[in-house]
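See below for the structure under consideration.
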Amino acid sequence: MSERVAETVSTRPLVVVVLVIAILAVFTAFAPGYKPTYDTLSELPSDTPSQQTYNQMAGSFPQGALSPTQVYFVADAPMNQQQLQSAHDDLAAVPDVASVSAPTVTTDGTKAVFTVILDDNPYGSAALDLVGGPLRDAAHSALPGVTGYVGGQTASLADVGDQLGSDTRLAFPIALAVVLVILGLCSSWRSAPTTTSSSRPAYGKSSGRAEPRATRRSGPSATTSPPSRWREPSWPSPSPPSC
């Protein structure tokens with residue numbers, strides 16, 4: 001099976017490229033609409049202790065009380081009471097915010113934190129959109145010259161969702177590029193000339209003439225000459241005896 005697939009890819013790369021592009025295009029078209037869910041409470045059975053506790057709290061308190069959101073303000077100079085009250089009012093005016101606590105201020109007055117309770121399930125899509133959108137915008141613009149931050153579990157999940165959506169939009173084009181590179185390599189490998197055994201000279205043979213082989217001499221009657229590359233050693237002739 002794998003050999004047939006490999007043969008199809010190597011012999012018809014254009015058809016495979018078109019097919020892969022069509023499949024990835026379908027997934028890419030639905031990628032922007034993909035939205036993960038982080039609502040673990042809705043996936044739990046109703047008889048689990050955590051789900052029962054959440055149901056009891058939701059019947060008496062806002063759903064966001066299960067996981068409050070924190071809004072931090074950091075200033076270079078101490079913030080006065082008027083600034084803190086203005087920030088409190090801006091946060092409370094955001095839709096679907098149930099309540100905003102009084103600020104907790106550091107001793108030097110340069111940092112303050114508000115606890116924000118949402119109306120919705122803190123793990124649901126509505127809460128993630130609220131914290132990552134209107135509530136964060138309100139925190140950034142509440143006090144000019146003061147930096148606002150939004151934290152908490154709901155804010156973290158909102159950031160994870162944004163990052164995951166960005167990665168998903170990049171994953172399919174990258175996968176398509178990798179597939180095209182692989183198919184291009186397969187196609188070039190298929191079309192490259194290959195060397196067969198008939199085009200290579202056999203070992204011990206030349207392409208044009210027979211090469212003599214050396215044989216061992218067994219005596220004076222041996223007629224086989226030594227190979228052309230072998231030379232008979234020259235011995236010095238004996239000198240005549242002196243008188």
- prompt: Would you call L19 within 28 Å of Q163 (Cβ to Cβ) and either open to solvent by less than 80 Å² (accessible area, probe 1.4 Å) or modelled with pLDDT of 80 or more (or both)?
  reply: no
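Can V160 be described as touching a Pro at 6+ places or on another chain (Cβ under 9 Å), open to solvent by 30 Å² or more (accessible area, probe 1.4 Å) and either more than 19 Å from L66 (Cβ to Cβ) or part of a strand (DSSP E or B) (or both)? Steps first, answer last, please.
Working: touching a Pro at 6+ places or on another chain (Cβ under 9 Å): yes; open to solvent by 30 Å² or more (accessible area, probe 1.4 Å): yes; either more than 19 Å from L66 (Cβ to Cβ) or part of a strand (DSSP E or B) (or both): no.
Taking the combined requirement at face value, the residue does not satisfy it.
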query: Can you name the condition, by its number, that T115 falls short on among (1) open to solvent by less than 60 Å² (accessible area, probe 1.4 Å); (2) assigned to a strand (DSSP E or B); (3) touching a helix residue (DSSP H, G or I) at 6+ places or on another chain (Cβ under 9 Å)?
result: (3)
- request: Could you list, in sequence order, all residues of segment 102-140 that are without any contact (Cβ under 8 Å) to a residue 40 or more places away in the chain and polar (S, T, N, Q)?
  value: T104, T106, T107, T110
task: Inspect all residues belonging to segment 67-76 and state whether any of them is surrounded by 13 or more Cβ atoms within 10 Å (Cβ to Cβ), at pLDDT below 95 and in contact with a helix residue (DSSP H, G or I) (Cβ under 7 Å, 6 or more places away or on another chain).
output: yes
message: I'm trying to understand the selection: among the residues of segment 78-101, which are open to solvent by 60 Å² or more (accessible area, probe 1.4 Å) and within 43 Å of the chain's Cα centre (by Cα)?
response: D89, D90, A93, P95, D96
field: Odd one out for G148 among (1) free of Cβ contacts under 8 Å to residues at least 60 places away in the same chain; (2) buried (at least 19 other Cβ atoms within 10 Å of the Cβ)
entry: (1)
- request: Out of T48, T40, T53, report the one residue that is open to solvent by less than 90 Å² (accessible area, probe 1.4 Å), modelled with pLDDT under 90, of a type in the set (V, I, T) and more than 20 Å from G152 (Cβ to Cβ).
  value: T48
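The values are calculated or read from the model by the stated rules, or taken from the named source; none is laboratory data. Everything numeric here is computed off the predicted structure, so don't read it as measured data. Cβ coordinates were reconstructed from backbone atoms using ideal geometry, including for glycine residues, and neighbour counts include every protein chain displayed. Just so you know, the surface numbers come from the protein's heavy atoms only, side chains and all, with ligands and any DNA or RNA stripped out. Shrake-Rupley method; radii C 1.70, N 1.55, O 1.52, S 1.80 Å.
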